[in-house]
Amino acid sequence: MVLALLFAARTTIAYQFQSVAAVGPLLVGSVISDFATLGALIGCYMLPGVALAFPGGMLDQRFGGRKILMFGLSLMAAGGGLMAVGGAEFLFFGRILSGSGAAILNVVLARAVGSWFAPGELAGVMGAFVASWPLGVALALVTLPAVMVSSGWTALSLAALAPTLICLVLLGLFYKDGPEGKIVSSIDRRPRLSRQEFQLATIAGVIWGLYNVTYVVLVASLPEFFAQRGYAMAQAAAISSILGWALLVFLPVGGYVAQRIGSATLMLSACFLLIAAGSLLLAVTDWTVTAMSILVVAIGLPAGAIMALPAQILPPAQRPVGMGLYFTIFYLAMAALPGAAGVVREAADKVNAPILFAGGTIMLAWGAVLILDRLRRPGATIAAPAA
C-alpha cells in the first residue's frame, strides 16, 4: 500500500512534467508565441530542483516525510491551477511553482521508500519505483493530446492537475512516515553531513545524474540519427521510442537482478560498459540492430541499483539531507549536460556526435562507481546488505 502511494505520487510528477511537451506543437500559436517559448516552458519545470533539492532534504529531516510530501503536492497543485488561467506570466509562474513542489517531492519520495524497506530489498523496490516516471510520461502522451484537441488548454490544465489532487487526498488519508522517518524526526535532526557522508552522497548523485543525461541525450538524438540513415521520420521516432517503452519492463527487472547479485559495483559496471559499447557500435558501425538491442536491455537495468545507493551508504538519520544533496547533483547535471551535447553536435556537425557524447558520459558514471566503491570500503565492493 505504501509503495503504491509513493509510486502514484512520482507518476503524478512525470505526468505533470510531460503535460506541456505532450501537446507542444498544439500550444504554439494558440497559447504561446513560438517554439523557443515552448522550450523554455518545458525546461523551467526542472530548474527549481537545482536550488530546492537540498533544502527539501533538510525540511524532510526537520518535519518528517508526510508533512513535506503534502507540502510538495500542494505546490504542484497550486502551480497547476495557475497554469489553467492562461497567459504567459501565469504559465511560467505556475510551471516554476509546480516544479518547485516536484523537486521537493522527488527528494522525499526516494527517501521515504528507503525508510519502509530493508537495505537488501531496496534495489528491487527502487527498480519498480523508478518505473513510475516513464509510466507517467507515457500516460500523458496517450491522454492529454486528445483533451487539448477537443477542449483546449484550460481543460488540459485541469486534466493534468487532477492526478495531483487525487494523490494529495490519498496521501493525506493513508500515508504515514516509515519507522526510520519517525526516528529521524524525533531523535536526530543533525543538519550536517560528515565529510565522508558528503562525499558518498555527492558521488552517488553524480552517478544518477550522468546516467540520466546519457539516457536523455540518446533519446533526443536518435530520431535525427535514424532519419539520416534512411528511415522516414515517423519510423525514426518509433524506433527511438523503444528505449522509453523498454524502461517499463527493464527498470523493475534490473532492480530484481541487482538485488540477487548483491553487488552494486558489479551490476553498475556491467550495465554502464554495455551502454558505452552499444553507443559506440551504433555511432560508428552498421550493426544497428545489435547496438539497439544492447541499449534497450542495458539502459533500464541500473536505475534501481543507483536509486538504492543513498539508503545503502548513509545512516538513516542522514538520509534526508543526503538525498537532498544527491538530487541537487542530479538537477545540476540535467541542467547543464544535455545542452553541452547540443554544442558538441553543432561543433562536430555530425549526427552521431551526441551518441558518442552519451557513451562518454556513461563512462564517466562508471568512473564515479569505482570511486564510490573505493571511498565506501577500500578494497571491497559496494554490496547491498543481505535482506
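The values are calculated or read from the model by the stated rules, or taken from the named source; none is laboratory data. Because the structure is predicted, anything quoted here is derived from the model rather than measured. Cβ placement follows ideal geometry from the backbone for every residue including glycine, while neighbour counts extend to all protein chains displayed. These accessible areas exclude ligands, DNA and RNA; they are computed on the full protein's heavy atoms, side chains included. Shrake-Rupley method; radii C 1.70, N 1.55, O 1.52, S 1.80 Å.
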Hits in segment 221-249 - residues which are open to solvent by 40 Å² or more (accessible area, probe 1.4 Å) and over 19 Å from LEU141 (Cβ atoms): GLU224, GLN228, ARG229, GLY230, TYR231, ALA232
Set LEU200, LEU266: member being under 24 Å from the mean Cα position of the chain (by Cα), open to solvent by 40 Å² or more (accessible area, probe 1.4 Å) and modelled with pLDDT of 80 or more: LEU266
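Report, by residue number, each residue of segment 285-313 that is open to solvent by 10 Å² or more (accessible area, probe 1.4 Å) and in contact (Cβ under 8 Å) with a residue 24 or more places away in the chain.
THR288, MET292, VAL296, VAL297, LEU301, GLN312, ILE313
Are any residues in segment 97-108 out of contact with any Phe, Trp or Tyr (no Cβ under 8 Å at 6 or more places or on another chain) and in contact (Cβ under 8 Å) with a residue 40 or more places away in the chain, and if so, which ones?
Scanning segment 97-108 gives SER100, LEU105, VAL108.
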Subset of segment 44-59 [of a type in the set (A, V, I, L, M, F, W, C) and either part of a helix (DSSP H, G or I) or open to solvent by 30 Å² or more (accessible area, probe 1.4 Å) (or both)]: MET46, LEU47, VAL50, ALA51, LEU52, ALA53, PHE54, MET58, LEU59
The one condition in (1) farther than 30 Å from PRO48 by Cβ; (2) open to solvent by less than 50 Å² (accessible area, probe 1.4 Å); (3) part of a helix (DSSP H, G or I) that VAL351 fails to fulfil: (3)
From the options LEU282, LEU337, residue that is surrounded by fewer than 24 Cβ atoms within 10 Å (Cβ to Cβ), among the aliphatic types (A, V, I, L, M) and either in a helix (DSSP H, G or I) or touching a residue at least 24 places away in the same chain (Cβ under 8 Å) (or both): LEU337
Checking GLU346 against (1) open to solvent by 50 Å² or more (accessible area, probe 1.4 Å); (2) within 27 Å of MET292 (Cβ to Cβ); (3) at pLDDT 90 or above, the condition it does not meet: (3)
Of residues in segment 287-303 being part of a loop (DSSP other than H, G, I, E, B) and not β-branched (Val, Ile, Thr), the one farthest from SER263 (Cα to Cα): TRP287
